[in-house]
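Remarks on the structure that follows.
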Amino acid sequence: MASILLNPTFSTTTAATTTSKLNHPSFSTTPISCSKGILKAPIPSTLFFKPPSHSLPTKVLSHRLPVRSALRPEYIPNRIDDPNYVRIFDTTLRDGEQSPGATMTSKEKLDIARQLAKLGVDIIEAGFPAASKDDLDAVKIIAKEVGNAVDENGHVPVICGLARCNRNDISTAWEAVKYAKRPRIHTFIATSEIHMKYKLKKSEKEVIEIAREMVKYARSLGCDDVEFSPEDAGRSEREFLYKILGEVIKAGATTLNIPDTVGYTVPNEFGQLIADIKSNTPGIENVIISTHCQNDLGLSTANTIAGACAGARQVEVTINGIGERAGNASLEEVVMALKCRGEKALGGLYTGINIRHIVKTSKMVAEYSGLQVQPHKAIVGANAFAHESGIHQDGMLKHKETYEIISPEDIGLFRSNESGIVLGKLSGRHALKSRLLELGYEIEGMELDDIFWRFKEVAEKKKHWYRMKYFSQKFFGSLVICR
Ligand code: KIV
C-alpha cells in the first residue's frame, strides 16, 4: 500500500475513474431558464467549488495524492472513451511564445517539445507555421521527431499547428504537422461582435461561411484531426456560437475549442458557457469541447477548471502560465488541481500527466523563454514549498501535512532541507535548532537561546532570504569559531 501511495502517477489501481460524470452526485439537474427561450444547461454544482456532501473529507487533507490508473484512453480525435479523462493541450510553444520577449530558437523548442512528451501531454501545439519560416521549420522538426517517438506505454503526443481560417495558413500548417503520427490542424476565426465589426469587417453569415469552408479544406488535405476555435468566444453572442459550432461540426471539426481570448469571464460564467454549448449545439456529442482561458483577470486556472467541470474534456494550458499579455492557464496549476482535488471535489476528473516532470519542465521553459517565475507562483514558484514563519516551521517539523497539500518530491522538487525551512526573522527556536542539527551542531538550552537572539538580530536586518542565507552562513561561520 505504501509503495502505491508513494508512486501515485503510475499505479495500476484504477480507483473510481469510470463513474459516469452525468451520474455523479455533484451535478445538479435543475435546468436554469434563459431569457431567449433556449434552455440553459444544468450547471454542475462543482463550478462553485463545493465538494459533494458525500465526499467531505473525513480527515483534514491527504498529503499523498490519489492513486490513478496509468492507462490513458486510446487517442481518437473526436472521442474519449473514459468520460472522466481530460486531455492536456500544451500551447507553450505557440501562445506561450506570444509572450512579449519570449522568442525561442528552433533547438530550444525541440528540447521543450521532447520534455513535454516526457511530461505526458496529449497534444503539443508546436507553433503557427504560416507566421514565419522559422516557425514552419520548428513545427516540422517537432512533428518528425517528437511526433513519432512512441514511448514505452505506447503514448505519442498529437502535434498541432495553428492556422487562421485561410487556405495558405491551413496548407502551411498541414505541410508542417503532416509528418507526425498524429497530426492536427487548429484553425480559428473571431466570432464576437467587436472582432467581426472592427477587425474582420465581416458579417456573421460571412464568418460562418469561411469557417465551414476552411474546416472542410483542412479535412480535404487528409487531416482527420481538426480543431476549430471561435476566437473571443467569451464575448460572443450565444446563439451565433451554437450556429457556427454546429456548422463546423458538420464540416468535419473534431475538437471545438472555446477561447476566453481576453480573459474577461469569471468561473461560473465560463462554466455556464461550456454547459450551454454542450446543451445547445447540434452534433456536439460527436466532438470534444476544449477550453482556452487567458489570465487578464487572474482567473484562467479557475475558469479552466470550471470549464472542465461543465463538460470540456480538453484544456489548453502553458507551462508557467506564459502567453499573450497576462498569460494563459498554467499547466501545473490545472493539472495539480485535478490531481489533488479531482476525485473528491471535481467529479473524478483526471489527466495523463506524469507530474514528476513538472519542476524540470518549468525550469526549462523559464530558462529558454527568459520569463522568470515569480517566487510565490503556485506549484513551481521558489517559495511554493518554503516556510518562514515560526508557527508554520514548527508544524512542518512535526508533520508536513500541516502546511503542505502536495509533497514537493511528487512534482520532481527535491529540497536541500527536507521541511522547506527558510530561516528568517519570523522563524522560531525549533527551526533554528533543527537547521543547526543539519549543520552538525547539537545545541540546547542557554546556548541555543543566545544563538537564537543573535540570529534574530541579523534576520531583522535582512529582508531577502537569499541575503539572509549569505549572512547566516557568515554567522554560522563565526559560530564555528566560537565553539
Ligand atoms: O486566445 C485565443 O483566442 C487563441 C486562439 C487562437 C485559440 O489563442
If you bin the C-alpha pair distances of the range 296-387 every 10 Å from 0, what whole percents do you get? 16, 49, 31, 4
Kirkwood Rh and Cα Rg combined as Rg/Rh, the range 76-152: 1.00
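With every protein chain present, what is the per residue accessible area of the range 151-297 (1.4 Å probe, Å²)?
On the way: 5610 Å² over 147 residues.
I get 38 Å² per residue for the range 151-297.
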Could you pull out every residue, at least 5 positions away or on a different chain, whose amide H is within less than 5 Å of the one on GLY127? Hs are placed 1.01 Å off N in the peptide plane, and Pro or chain starts have none. LEU162
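Find the relative contact order for the range 154-300 and round it to a whole percent, using C-alpha pairs within less than 8 Å whose residues are 6+ positions apart. Please list the in-between numbers first.
Details: 274 pairs, mean separation 29.4, N = 147.
Relative contact order for the range 154-300 comes out at 20 percent.
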Surpassing 28 Å at the alpha-carbon level, of the pairs LYS360/LYS400; LYS400/LYS425; LYS400/LYS456; LYS144/LYS205; LYS181/LYS250, are LYS144/LYS205
Would you mind calculating the gained length between SER106 and ARG325 on full extension (0.36 nm times residue separation, minus the Cα-Cα distance), in nm to one decimal? 76.6 nm
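Which order do the peptides 170-181, 362-373 come out in when sorted by mean C-beta neighbours inside 10 angstrom, highest first? Can you show the working numbers first?
On the way: 170-181: 22.2, 362-373: 18.5.
Answer by packing, highest mean first, reads 170-181, 362-373.
Rounded to the nearest 0.05, what FRET efficiency do TYR198 and SER389 have when you use their Cβ-Cβ distance and R0 = 45 Å?
Values: r = 51 Å, r/R0 = 1.13.
It comes to 0.30.
Above 24 Å lies some portion of the pair distances; for the range 166-303, what is it as a whole percent of all C-alpha pairs?
Numbers: 2714 of 9453 pairs.
Cα-Cα pairs in the range 166-303 separated by more than 24 Å: 29 percent.
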Exposure rank, largest accessible area first [PHE414, PHE188; 1.4 Å]: PHE414, PHE188
Based on the Cβ-Cβ distance of LEU297 and TYR441, what FRET efficiency does E = 1/(1 + (r/R0)^6) give at R0 = 51 Å, to the nearest 0.05? 0.55
Among 100-111, 340-351, what's the highest-first ranking by average C-beta atoms within 10 angstrom per residue? 340-351, 100-111
The extension gain from ASN148 to GLU269, computed as 0.36 nm times the residue separation minus the Cα-Cα distance, is 39.6 nm
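Keeping the other protein chains in place, figure out the carbon and sulfur percent of the accessible area of the range 248-396, with a 1.4 Å probe. Before the final figure, lay out the partial values.
Numbers: 2420 of 4570 Å².
Here it works out to 53 percent.
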When the distances between all Cα atoms of the range 201-245 are binned every 5 Å from zero, what whole-number percent does each bin get? 5, 19, 29, 23, 14, 8, 1
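For the range 235-381, compute Rh as the Kirkwood radius over C-alpha pairs and then the Stokes-Einstein diffusion coefficient at 37 °C and 0.692 mPa s; write the answer in µm²/s, rounded to an integer.
Values: Rh = 15.9 Å.
Once the numbers are plugged in, D ends up at 206 µm²/s.
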What percent does the relative contact order of the range 58-187 come to when contacts are Cα pairs within less than 8 Å and at least six residues apart? 20 percent
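Order these peptides, 445-456, 251-262, 149-160, 311-322, by their mean beta-carbon neighbour count within 10 angstrom, highest first. Don't jump to the answer; show the numbers that get you there.
On the way: 445-456: 14.2, 251-262: 23.6, 149-160: 17.8, 311-322: 26.7.
The peptides rank, most packed first, as 311-322, 251-262, 149-160, 445-456.
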proj_area_mean for the range 219-291 (convex hull on C-alpha atoms), units nm², value 4.6 nm²
Would you please give the FRET efficiency between SER416 and GLU74, computed as 1/(1 + (r/R0)^6) with r the Cβ-Cβ distance and R0 = 45 Å, to the nearest 0.05? 0.60
Nearby aspartates and glutamates by direct alpha-carbon distance to LYS107 (threshold 17 angstrom, same-chain neighbours under 8 apart not counted): GLU97, GLU125, ASP134, ASP135, ASP137, GLU145, GLU367
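The values are calculated or read from the model by the stated rules, or taken from the named source; none is laboratory data. These figures come from a predicted structure and were not determined experimentally. Note that we place each Cβ from the backbone using ideal geometry, even for glycine, and neighbour counts take in every protein chain shown. Heads up: the accessible areas ignore ligands, DNA and RNA and are worked out on the full protein's heavy atoms, side chains in. Shrake-Rupley method; radii C 1.70, N 1.55, O 1.52, S 1.80 Å.
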